[in-house]
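The values are calculated or read from the model by the stated rules, or taken from the named source; none is laboratory data. None of these values were measured; they are calculated from a predicted model. Methodologically, a virtual Cβ is constructed for each residue, glycine included, from the backbone with ideal geometry; neighbour enumeration extends over all protein chains shown.
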Amino acid sequence: MPGIRALYLHVPFCARRCRYCDFSTAATRHGDERMGEYARSLSNLASEARELGVLGDLATAYVGGGTPTMLGSASLALLLDACGPGISELTFEANPESLSDDILIRAREHGATRVSIGVQSFDDRELAGLGRIHDAGLARRRVAAAVASGLDVSVDLMCGIPYQTPASWWCSLETAVGLGVGHVSCYPLMIEPGTPMERLCEDGLLPWPSDDTEASDMEAALDVLGQAGFARYEVASYAKPQRRCAHNIAYWTGVEYLGLGTSAASMLGRASYGTLRRRVTSLPSPYEEAVRFRLSTLTDTDGIIRARSLSELSFDVEQLSAREAVAEDLMLAARMTDGLAPSLVARAREVLGGSRVDACLSELVSRGLLAASEGSALVPTHDGWLLGNELYGALWDLSSDE
């Protein structure tokens, strides 16, 4: 089996943290020399991973954040180069206010094939409510410039946000379509505990988003984008033909990936974990039943800057048994419109027990959350899409020994 197929590099810098953000980012002034130091160190760590041999099967890479475009063209190019030649898809994230023409040109010269732009809305009042820096006019101009650059372009849009109406949501979707992008991600706003957004809503300074609108907003996205030639291929992801995000698909299909940088996550198989563990001796020995290893980077930003080797990094490790791994694969596959392939179901029956898996899947079919497709896969229905937590929870429950 191939090893690590996807690489993620995390950039934890933003000009300002948005009101809803609970990601691993920090407000950073433009020109802060720490950003260049961080990029150089992260590039060296990625190069070391390649020298270890664990990235020999790499197919996709993603430079995310935070705001990678805050690094400037030279430091961003350094990270793009660190992902190595020969990969089929190389994405970097951007925010409109820092996506310069120079960055677009340099990124393509250094192997980038795709840019994902955090627009969230094309309405100025909604953007202000979210605490975004850019306005709608700047977002339109920078998305148009990205499309003109020849890169594949994705935009993120957010529904269920303060001040949003059905009409303004429709307008944001139509604007993205009109700008010629090939991919749109539509996410409902999640108000996380401890964020400024939560405090503002609790104090009555911003209206609480209504849970009642989430389903109608997602159905509106399906309608508007579908009419424009986009197909939904995952819960929140829409693409024109041949424009799916291969890197994100890796996360949903059990492909091994390595994440480097502040709070970056990895999912490794036993062989890849063993290779990394020989370098990072603080990683725990695998227990006998472990077949999958989830790593979360504990080293903070300053620690990443100081690190001269992977051996200096610290990780939190979760070890998954074969039961947990296959149940997770079922759950993640249910996010995709391609659904649960017969080969995955067969593996689940072998690991988890045929009668138990069959009973679970039959119940989900009877509840109208799964249905058989022409290709023999079990795919999520419209209700399974809108009631995803019920579907995913039932599949994950198969990981239990009970």
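For the reader, a short list of remarks on this structure follows.
- Residues that are part of a loop (DSSP other than H, G, I, E, B) and either touching a helix residue (DSSP H, G or I) at 6+ places or on another chain (Cβ under 6 Å) or closer than 17 Å to Val255 by Cα (or both) within the stretch 330-355 comprise Ala334, Arg335, Asp338, Gly339, Ala341, listed in sequence order.
- Selection within the stretch 123-138 - in contact (Cβ under 8 Å) with a residue 40 or more places away in the chain and over 17 Å from Leu189 (Cβ atoms): Ile133, Leu138
- Residues (of a type in the set (Gly, Ala, Ser) and within 21 Å of Tyr273 (Cα to Cα)) located in the stretch 43-81: Ser43, Ala46, Ser47, Ala49, Gly53, Gly56, Ala59, Ala61
- Helices (runs of 4 or more DSSP H) lying entirely in the stretch 1-119 (those with 1 or more residues that are hydrophobic (A, V, I, L, M, F, W, C), within 28 Å of Val181 (Cα to Cα) and under 17 Å from the mean Cα position of the chain (by Cα)): none
- Whichever residue in the stretch 220-230 is among the hydrophobic types (A, V, I, L, M, F, W, C) and more than 21 Å from Asn248 (Cα to Cα) and, among such residues, is surrounded by the most Cβ atoms within 10 Å (Cβ to Cβ): Val224
- Candidates are the residues of the stretch 276-295 that are closer than 28 Å to Thr25 by Cβ and among the hydrophobic types (A, V, I, L, M, F, W, C); the one that is surrounded by the most Cβ atoms within 10 Å (Cβ to Cβ) is Phe293.
- Selected residue [surrounded by fewer than 20 Cβ atoms within 10 Å (Cβ to Cβ) and within 23 Å of the chain's Cα centre (by Cα)] from Leu395, Leu298, Leu391, Leu330: Leu298
- Verdict on Ala74 being farther than 18 Å from Ser154 by Cβ, hydrophobic (A, V, I, L, M, F, W, C) and surrounded by fewer than 23 Cβ atoms within 10 Å (Cβ to Cβ): yes
- Of all residues in the stretch 293-308, those satisfying the criterion of being of a type outside the set (Gly, Ala, Ser) and either farther than 30 Å from Ala39 by Cβ or not in a strand (DSSP E or B) (or both) are Leu298, Thr299, Asp300, Thr301, Asp302, Ile304, Ile305, Arg306, Arg308.
- Per-region count, the stretch 243-279, residues under 30 Å from Gly180 (Cα atoms) and either without any contact (Cβ under 8 Å) to a residue 12 or more places away in the chain or part of a helix (DSSP H, G or I) (or both): 7
- Here Met336 meets the list (1) closer than 20 Å to Glu89 by Cβ; (2) outside the structural domain of Leu364 (by TED's automatic domain parsing); (3) of a type outside the set (Asp, Glu) almost entirely, failing just condition (2).
- Residues of the stretch 356-381 classified as assigned to a helix (DSSP H, G or I) and either closer than 22 Å to Ala239 by Cα or of a type in the set (A, V, I, L, M) (or both), total: 5
- Tally of residues being surrounded by 20 or more Cβ atoms within 10 Å (Cβ to Cβ), among the hydrophobic types (A, V, I, L, M, F, W, C), more than 13 Å from the chain's Cα centre (by Cα) and closer than 21 Å to Gly388 by Cα across the stretch 231-272: 1
- Any hit, the stretch 309-329, residues being in contact (Cβ under 8 Å) with a residue 60 or more places away in the chain, outside the structural domain of Phe13 (by TED's automatic domain parsing), in a helix (DSSP H, G or I) and among the polar types (S, T, N, Q): no
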